[in-house]
Each structure stands twice: as structure tokens, then as C-alpha cells.
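Beneath this line is the structure, given in C-alpha cells, with notes to follow.
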Amino acid sequence: MNSTFQSKLPRVGTTIFSKMSALAQQYGALNLAQGFPDYDTDPHLINLVKDYMNDGFNQYALMPGALPLREKIALKVMNTHQIEVDVQDEITVTAGGTQAIFTAIATVVHKDDEVIIFEPAYDCYAPTVELFGGKVIPVVLLAPDFTIDWDYVKSLVNARTKLIIINNPNNPTGRQLELDDIEALAQIVASSQVFVLSDEVYEYLVYDG
């Protein structure tokens, strides 16, 4: 019996993040390929987790996530962005950022839908789009400052465009979107049915010297 299996994404190999992390470990180099924290877990957080597990909070949560956690997330969104979100219908807790991205793409992308991404891009975007039958429409960030030609982006939007994925700050360039960028994006999608997936995993990292 043939025990081999056929990959659904035959053109996708080992990610560059994994390759560079392995090389950094091999040669003792500073690893800039992945966001490994260089600090210990806060003991207060460890104690909180221990206390809740001792109190029996160790079972499956509700599918959208534990309600008290969703309530805290809603409060955070209100305090930070002055946006009211429904804890029952508008918040879903995932096991991590990449799973959240995968789930969002899986939810909205169908066969032959087009998805605009900005390259260089985090390496889970394109394979996930292709996995669900979508077509990746890449937009290359312009050197030397990794700017976006929004007129070009607008020219790419058509009846098949389902999703635009932005990553702010961008991984791996570090490019941050300016207010003009956000306004240009808003104008593009305002009169369309295009969704925006905003990956802001590095939102709270501050390097202030």
C-alpha cells in the first residue's frame, strides 16, 4: 500500500522563518526571523494561571472563548479605539495570531475569489488563500521606504476581489501605515463589498530607546 500523501500546497515548502531560525541556532547568530521573547514570563501571570487551574478552570471553553475574557477584550477595544463590540457575536478568541488569520481567511474566501496582499508578507497569508481556492494578488511594497502605491491597489480591485490583507507594522519590513494610507484604503473599500483583514500583532511593541 502506498503510504505517501499528496500535498494540497505542493509549492509551499519549509517557511523562511523556520529556515532562518535553524540557521541562527546553528551559528549562534542573533535571530531576527521570529519574535522570540527574551524575557521570562511574569510570575504574577504564572500564579494567576495556577490559581485558576486549581479552582477547576481547566475544561473546554465555549467555542467563541470564555465569556469573561471576551468581556475584557470588548472593554479594551472600547478604551483603546472607542468602538463598542458585541461580546456574543463580534469577538472570537483563537489559539494564536496565525490561527486567527487562517480562520478569518477561511470564513470569507471561496473558490476564485481574489485577495490582495502586500509583499514581502507574513508567510501564512498566501498559502491559506490558495488552500481555500482563492487567488493571491500581490502588491510589492516600494523601495526604499516600503510605501504603497494606492492608485495601483485601486486598479486591482474588481468584482472578484474579496479581501485585502494589511499588516501593521508590516512583518518583515517594520513599515508602519500612516494616516494617509488608512484613508486611501478606506476610500477603496467604502464603495465595494471587499473585506479588510488587519493583522496588528505588533501593535503594542514600542522601541523608545
proj_area_mean for the chain (convex hull on C-alpha atoms), units nm², value 17.6 nm²
Helix-derived [θ] at 222 nm for the chain: sum -39500 (n - 2.57) over DSSP H runs of at least 4, divide by residue count, nearest 500? -11000 deg cm²/dmol
What residues qualify as long-range amide H neighbours of TYR122, i.e. H under 5 Å apart, gap of 5 or more or another chain, H built at 1.01 Å from N? ASN171
Taking 7 Å along the Cα-to-C-beta vector as the label spot, tell me the SER21-LEU179 distance in nanometres, rounded to one decimal. 3.8 nm
Once the dipole of the chain is set up from charges on Cβ (+1 Lys and Arg, -1 Asp and Glu), the residue from the list VAL206, GLN176, ALA61 lying farthest towards its positive end is ALA61
In a GNM of the chain with a 10 Å cut-off on Cα contacts, which of THR173, THR161, THR98 has the highest mean-square fluctuation? THR173
Distance in nm between pseudo-label sites at LEU142 and LEU156 (7 Å out along the Cβ direction from Cα): 1.4 nm
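Order these by the 10 Å Cβ neighbour count, fewest first: PHE118, PHE36, PHE132. Provide the component values of the computation, followed by the final result.
Numbers: PHE118 22, PHE36 9, PHE132 16.
The order, fewest Cβ neighbours first, is PHE36, PHE132, PHE118.
Read-outs throughout are calculated quantities, based only on the coordinates presented, and are distinct from any laboratory measurement. Model, not experiment: these values are computed from the prediction. Ideal geometry is used to build each Cβ from the backbone, glycine not excepted, and the neighbour counts take in all protein chains shown.
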